[in-house]
Amino acid sequence: MYWVRPGRMPDRELAPYAARSERSRGRRHRESPPRGRGEYQRDRDRIVHSTAFRRLEYKTQVFINHEGDLFRTRLTHSLEVAQIARSVARSLRLDEDLTEAVALAHDLGHTPFGHTGQDALNACMKPYGGFEHNLQSLRVVDVLEQRYAAFDGLNLTFEAREGILKHCSLRNARDLGDIGERFIKRRRPSLEAQLANLADEVAYNNHDVDDGLRSGLLSLEQLAGVRIFARHMKSVLRDYPKLTGRRLVHETVRRMIDTLVTDLVRFSAEAIRKQAPASIEEVRLAPALIAFSPRVREESLELKRFLHDNLYRHYRVVRMSTKARRVVSDLFTAFLADARLLPPEFQVRAQKDAPRAIADYIAGMTDRYAILEHRRLFSIEET
């Protein structure tokens, strides 16, 4: 059952198709109305103050935490996603607070070591229901955060929780009640959630270009063969013929992001105008309305393929990924063989469901904590 606070006057600057906190489906546990802020602001604030959010500072994107201080982490990535998403939300007259909340929370359940860690934990959990990091993010805000006296989790609104769960298998969706219903009925989430999803893609691709160049694993010569990068680098050099180094890279990436965001706003606004949804419920029944134009979408996919082939498969990244996979697999195997190795809190949880308790523990680790825990378990010198 969900509890909704008493209604307030609607924000008349929001579009009719935007999510409105006074029409929220509410929270799972009843609470007093927030003072001096809206319901979605409360969601955002709870996410920022959560333990899981702070851990993102030491969870990796592409480069493991100890490889350098200037590479993106899950935390800086989430902040970049939120900045892009909030800017677009304002242009489209969507609820900025809900958009920001979803953007900041979308990676809360991610494992250490990026997608490598996720794949390794999913392989370990395959006999026990698998591991999905979006589902884990929802589990973090619903169950695992232990901050409030009256309930487990953060007790976020339905709309924030719906946006966090951007992917979900049908098997798991059937167990989630109303939050999983849209995956079964093939419906859409709010436009705010759709926007946060694409802002994630914009931030991810472009900061991986920046980090790839900073690391020396990518070169400007290689990227000159990628249309969207080549076009913008030529534009920068036309305006600043003597520009080199980090300024050239930053100016090029900055213009790429501007192109993607501008296209996203224009194409989405036109799609919304044609569909003319009068409410968030009509948004749920419509096709996806937040999207890139076909040309920009193809260029973005080309960049994504380039990064997959030249950065994520670079031998140095693969070497570190292999080590990371071994760390996660070793930890899971050791804990499953003897739950007494777990911290006391997780030993208690393991009595009910050992594999899931172990997955919760490992998924909550930062990169450096996972490395340290592996050393404690497998190095005779450590205690």
Residue identified as part of a helix (DSSP H, G or I) and modelled with pLDDT of 95 or more among ILE228, ILE179: ILE228
Condition broken by ALA123, with the remaining ones in (1) in contact with a helix residue (DSSP H, G or I) (Cβ under 6 Å, 6 or more places away or on another chain); (2) touching a residue at least 60 places away in the same chain (Cβ under 8 Å) satisfied: (1)
Do any residues in segment 249-277 that are more than 14 Å from ALA203 (Cβ to Cβ) have Cβ atoms under 6 Å from those of residues that are open to solvent by 40 Å² or more (accessible area, probe 1.4 Å) and in a helix (DSSP H, G or I), where the two are at least six apart or on different chains, and which pairs are they? VAL265/SER91
LYS166: passes all of (1) within 20 Å of ALA286 (Cβ to Cβ); (2) open to solvent by 10 Å² or more (accessible area, probe 1.4 Å); (3) modelled with pLDDT of 90 or more but (3)
Is it fair to say THR99 is open to solvent by 10 Å² or more (accessible area, probe 1.4 Å) and in a helix (DSSP H, G or I)? no
Among the residues of segment 352-383, what is the count of those that are surrounded by fewer than 13 Cβ atoms within 10 Å (Cβ to Cβ) and either part of a helix (DSSP H, G or I) or modelled with pLDDT of 95 or more (or both)? 4
Of the numbered conditions (1) surrounded by 16 or more Cβ atoms within 10 Å (Cβ to Cβ); (2) at pLDDT 95 or above; (3) of a type in the set (A, V, I, L, M); (4) under 18 Å from LYS304 (Cα atoms), VAL236 fails exactly one; give the number of that condition. (4)
Of the residues that make up segment 308-319, is at least one surrounded by 13 or more Cβ atoms within 10 Å (Cβ to Cβ) and outside any helix (DSSP H, G or I)? yes
Need the failing condition index for ARG325 against (1) open to solvent by less than 30 Å² (accessible area, probe 1.4 Å); (2) in contact (Cβ under 8 Å) with a residue 40 or more places away in the chain; (3) within 23 Å of THR111 (Cα to Cα), just the number. (1)
Restricting to segment 198-222, name every residue that is free of Cβ contacts under 8 Å to residues at least 40 places away in the same chain and assigned to a helix (DSSP H, G or I). LEU213, LEU220, GLU221
Working only within segment 113-131, note down all residues that are open to solvent by 10 Å² or more (accessible area, probe 1.4 Å) and either among the hydroxyl-bearing types (Ser, Thr, Tyr) or in a helix (DSSP H, G or I) (or both). HIS115, THR116, GLN118, ASP119, ASN122, ALA123, CYS124, LYS126, PRO127, TYR128
Test: PHE346 is open to solvent by less than 80 Å² (accessible area, probe 1.4 Å), among the hydrophobic types (A, V, I, L, M, F, W, C) and touching a residue at least 40 places away in the same chain (Cβ under 8 Å): no
Pick out the one residue from PHE158, PHE183, PHE229 that is open to solvent by 20 Å² or more (accessible area, probe 1.4 Å) and either within 22 Å of the chain's Cα centre (by Cα) or of a type in the set (A, V, I, L, M, F, W, C) (or both). PHE183
Checking LEU289 against (1) at pLDDT 95 or above; (2) assigned to a loop (DSSP other than H, G, I, E, B); (3) surrounded by fewer than 19 Cβ atoms within 10 Å (Cβ to Cβ), which test does it fail? (3)
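The values are calculated or read from the model by the stated rules, or taken from the named source; none is laboratory data. Quantities reported herein were computed from a predicted structural model and do not represent experimental measurements. All Cβ positions, glycine included, derive from the backbone under ideal geometry; neighbour counts span all protein chains shown. Heavy atoms of the whole protein, side chains included, go into the accessibility calculation; ligands, DNA and RNA do not. Shrake-Rupley method; radii C 1.70, N 1.55, O 1.52, S 1.80 Å.
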